[in-house]
Amino acid sequence: MKCLLMLDLLGIDDQGEEAPEYLLNSLDGHLPIAGDSESKDYQTSTIVDDKTYVVEISEDGGESWINVKIFDNLTRSWLIPTVLGMKPVQLKGHSTLLLNNGRILVVKKDYPLDDCIWFLEVDTPFVKEQKKILGTEVVAWSKGVIGSSPKPIVISGPSGVGKGTLINKLMKEFPSKYGFSVSHTTRAPREKELNGVHYHFTERSVMEKDIRDGKFLEFASVHGNLYGTSIEAVEAVTDSGKRCILDIDVQGARSVRASSLDAIFIFICPPSFEELEERLRARGTETEEQVQKRLRNARAELDEGRSPGLFDHILVNDDLETCYENLKKLLASDENAGTLYQPTTENMKVHVSHMEYRADEKILLHCGTNGTGVKVPSFFMLDTSSLKGGAPGRTRGLNGYTVVIR
Ligand SMILES: Nc1nc2c(ncn2[C@@H]2O[C@H](COP(=O)(O)OP(=O)(O)O)[C@@H](O)[C@H]2O)c(=O)[nH]1
Ligand SMILES: Nc1ncnc2c1ncn2[C@@H]1O[C@H](COP(=O)(O)OP(=O)(O)O)[C@@H](O)[C@H]1O
């Protein structure tokens, strides 16, 4: 059984002949763990170069969880990888299909389309980078999202330049369009700052553990405190259909640039260093010592911010209203560059039972039942040709359409 499935993935059938037209990996092809016919445990295997990635579901007492292990076909030994990202839960079965970009498509059995598509990244740029950093085998999960999403906006600039002021204006004028990524920080709250609104104010030890557990898209030590953007902070805003705004320092912007998050990067400059100093003092939220530290750091940030390749746009915040108008213009032109695809919810109430690879990065999903549980054969063509993002967040940009068989 196991052997058969692997041959399927290679595009060869059990007669040793080339599989026609597409690869078929049926959800009915779950592999009961050998020697335990009563077991509700399942596994699928996918060969990528010298390695076989085994995704297995274990069930116990109504709970189910998913494990990934790797068989090294050269050394004939098992490897336990570091697993990053948000993983699927409550699986009743699954099927896997190798895509050509270091990702394995994992489809949960008997779930609606908007909750059944997952990606296990095994050889993407993000995973390669993490392998180097961690020195272990790495795999990373991300949830697939049908339809495109508005691009997040990263705003950086030295302390006191007016980032918060500009972002507040934008959120006030367009509350249903923009959402703020609430960062975590170890710094103490300022007067009037609310936990969960301006920041998640966090103990350093807790934040360090969450960083180790892979919950952060980026983090940096800024002015002596730890700041970081959790993956969920960004994805929750984007999932709600809003354009996510990140107010992060230049180091954080660099990390996001290197991540899979497809964002627009804006750097805010002061008209002069003297003006920056004046604004920072006039705000009156920092001690003199803290002001001095922020000003020292500002010089380096201004140099870095202007370095080529990091920021897409630089705005000078001299007159506030002028800068705000320029920011709005810039965001409007960027918005128009991409058309948003939103599939109808009707398409998304079906339950998937099989999948087949077709040409042009399209995958045909066989959907057995409709939303009311009535058995009606239906098909959904999943288009993976315009994927955006990926682990450790969401894989967005999936397109699709129902297929009518006449
Ligand atoms: N890398 C990173 N920087 C952040 C994050 N949140 C805030 N910052 C940056 O940390 C710096 C200090 O922020 P804050 O203490 O609120 O003071 P402010 O700069 O005077 O507004 C600013 O440059 C913020 O952009 C984050 O999640 N990640
Ligand atoms: N264009 C501007 N001209 C004068 N003061 C400004 C301008 N933009 C912001 N400010 C003021 O400067 C101070 C710092 O702005 P803030 O938004 O808190 O900066 P940041 O978030 O970048 O640290 C605030 O008191 C704000 O009211």
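Would you grab the residues whose amide H sits under 5 Å from the one on PHE379? Only those 5+ places off in sequence or on another chain, please, with H modelled 1.01 Å from N.
HN-HN under 5 Å from PHE379: CYS367, VAL403.
By its C-alpha gyration tensor, with a ≥ b ≥ c as the square roots of the eigenvalues, how is the range 187-256 shaped: rounded for a/c under 1.5, else prolate for a/b larger than b/c, else oblate? Provide the component values of the computation, followed by the final result.
Values: a/c = 1.43, a/b = 1.17, b/c = 1.22.
Rounded, since a/c falls under 1.5.
Short version: ³J(HN,Hα) in whole Hz for each residue of the range 101-115, in order, from phi by Karplus 6.51 cos²θ - 1.76 cosθ + 1.60 (θ = phi - 60°), x for Gly and Pro, what are they?
So the J values, rounded to whole Hz, are 10, x, 10, 10, 7, 10, 10, 6, 6, 6, 10, x, 4, 7, 9.
Accessible area per residue of the range 153-332 at 1.4 Å probe, in Å²?
Numbers: 8710 Å² over 180 residues.
Computed with neighbouring chains in place, this is 48 Å² per residue.
Relative contact order for the range 153-332: what percent, with Cα pairs under 8 Å and sequence separation of 6 or more?
RCO, the range 153-332: 31 percent.
Could you tell me which GluC sites (Glu not before Pro) in the range 187-241 are loop residues by DSSP with no more than 12 other beta carbons within 10 angstrom of their beta carbon?
Working: sites: GLU191, GLU193, GLU203, GLU208, GLU218, GLU232, GLU235; in loops: GLU191, GLU193, GLU203.
Within the range 187-241, the qualifying GluC sites (Glu not before Pro) (loop, at most 12 other Cβ atoms within 10 Å) are GLU191, GLU203.
Indicate the gyration tensor shape class of the range 153-332 (rounded, prolate or oblate), computed on the Cα atoms with a ≥ b ≥ c the square roots of the eigenvalues: a/c under 1.5 is rounded; otherwise a/b larger than b/c is prolate and the rest oblate. It would help to have the intermediate numbers written out before the result.
Values: a/c = 1.38, a/b = 1.09, b/c = 1.27.
Note, shape of the range 153-332 comes out rounded.
Once neighbouring chains are kept in place and the probe is 1.4 Å, which whole percent of the accessible area of the range 153-332 is contributed by carbon and sulfur? Could you put the intermediate results ahead of the total?
On the way: 4390 of 8710 Å².
Carbon and sulfur: 50 percent of the exposed surface of the range 153-332.
Would you mind putting 253-261, 268-276 in packing order, based on average other-beta-carbon counts within 10 Å, highest first?
Values: 253-261: 20.4, 268-276: 16.7.
Descending packing order for the listed peptides: 253-261, 268-276.
Quick one: Cα centre-to-centre distance for the range 95-112 and the range 214-262, in angstrom?
Centre-to-centre (Cα) distance: 27 Å.
Show the residues, 5+ positions off or on another chain, whose built amide H is closer than 5 Å to the amide H of ILE245.
ILE153, GLY179, PHE180, SER181
Give the percent of DSSP beta bridges with both residues in the range 153-332 that are antiparallel, rounded to the nearest 5. All intermediate terms of the calculation are to be shown ahead of the outcome.
Values: 8 of 26 bridges.
Just about 30 percent of them are antiparallel.
The values are calculated or read from the model by the stated rules, or taken from the named source; none is laboratory data. Remember, predicted model here, so these are calculated numbers, not experimental data. Using ideal geometry, Cβ is built from the backbone for each residue, glycine included, and neighbour counts are taken over all protein chains shown. With ligands, DNA and RNA removed, areas are computed over all heavy atoms of the protein, side chains included. Shrake-Rupley method; radii C 1.70, N 1.55, O 1.52, S 1.80 Å.
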